[in-house]
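What follows is a short report on a single structure.
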Amino acid sequence: MSPIISPSELKKNLSENLIILDARVGKEIYQNYLEKHIKGARFIDMDKDLAEIGENAAFGGRHPLPGVEKFAETLANLGVLEDSHVVIYDDKSGANAAARAWWMLRSFGLQNVQVLDGGIQSAEKEGIEFSSGVETFETSPVIKKEDWLLPLKRLEDVENELINHSSTVIDVRDAYRYKGESEPIDLVAGHIPGAINIPFSENLDQNGNFLKPEVLKEKYTKLLNDKPQHLIIHCGSGVTACHTILALNYAGFPIPDLYVGSWSEWSRREGKEIAKEE
């Protein structure tokens, strides 16, 4: 199953067996969901369901993963089964939290998971039916898992693999943040020494849709031609990194490693070198 679904495909496949998750983020986002969402969509919260935010971002970053047991309870409350067909959307073509939810569901063992290309805006343009208020649905039994199934890296792993030149570490933040020109979210501007910058926005066309798989394949093949094949992807806090992981999977590449702590952890950890570009 392709990790991306077009709005026209979604419209054709709408059924009682399809579980749609609204993963938009922002202030008063649940109220926005109640006011308007794709009919039948169930709300999933970035900070409460897709992360377990700790007291100190120097250890885990701003959006650490929740424990698998907690995520299992979240899925049960959303009525998600192991064989469910799940479609996730946000309002940034996956760059807000839809891709993070996709990664977590896949890493939890679900195979039939897709992100809506173009987000909620594309659904509206396609004429997909919208609704408001609270959606009612049945919960499901808790799926038992012991750990995340997709590859993860810790800060120490990233550091060691950069020293040994055994991995290509990709920073998907905007170029101005990578270069250290300014930093709107974290405490320090700059990037992990040795990491390269391929902004996640370059996965999209001018309309906010994912580039075609063959275009993404050619693009990343050229960019990574002379670099180690093993990839580690990071961003600010492990959310938009999943957008590039999704794009790479869509293009036919193996799913790379995710460094969840990302820049929010590295930049806060005492003694870690910070690089900038003039």
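D90 meets the conditions (1) surrounded by fewer than 20 Cβ atoms within 10 Å (Cβ to Cβ); (2) more than 21 Å from S15 (Cβ to Cβ); (3) acidic (D, E) in every case but one. The failed one is (1). Is it the case that the stretch 150-160 has a residue that's closer than 19 Å to F43 by Cα and more than 19 Å from the chain's Cα centre (by Cα)? No: zero hits. One residue stands out in the stretch 26-42 among those that are among the hydrophobic types (A, V, I, L, M, F, W, C) and touching a residue at least 60 places away in the same chain (Cβ under 8 Å): the one that is nearest to V239 (Cα to Cα), namely A41.
Does the stretch 54-76 contain any residue that is polar (S, T, N, Q), modelled with pLDDT under 95 and farther than 25 Å from A251 by Cα? There is no residue in the stretch 54-76 that is polar (S, T, N, Q), modelled with pLDDT under 95 and farther than 25 Å from A251 by Cα. Which residue pairs have Cβ atoms under 6 Å apart, sit 6 or more places apart or on different chains, and have a first residue in the stretch 193-214 that is closer than 14 Å to S122 by Cβ and a second that is modelled with pLDDT under 95 and buried (at least 16 other Cβ atoms within 10 Å of the Cβ)? Partner pairs satisfying both residue conditions: L204/S93; G208/S93. On the stretch given as the stretch 177-203, residues that are loosely packed, with under 14 Cβ neighbours inside 10 Å and either within 30 Å of E69 (Cβ to Cβ) or of a type in the set (F, W, Y) (or both) total 1.
The set of residues in the stretch 212-265 being of a type in the set (G, A, S) and not in a loop (DSSP other than H, G, I, E, B) consists of A241, A247, S262, S264. If only residues of the stretch 1-25 that are more than 23 Å from E138 (Cβ to Cβ) and free of Cβ contacts under 8 Å to residues at least 24 places away in the same chain are counted, the one that is surrounded by the fewest Cβ atoms within 10 Å (Cβ to Cβ) is K12. Of the helices (runs of 4 or more DSSP H) lying entirely inside the stretch 1-70, those containing at least 2 residues that are in contact with a helix residue (DSSP H, G or I) (Cβ under 6 Å, 6 or more places away or on another chain) and within 24 Å of S84 (Cα to Cα) span 7-13.
The values are calculated or read from the model by the stated rules, or taken from the named source; none is laboratory data. Please read all numbers here as calculations on a predicted model, not as lab measurements. Glycine gets a Cβ as well: all are built from the backbone with ideal geometry, and neighbour counts include every protein chain shown.
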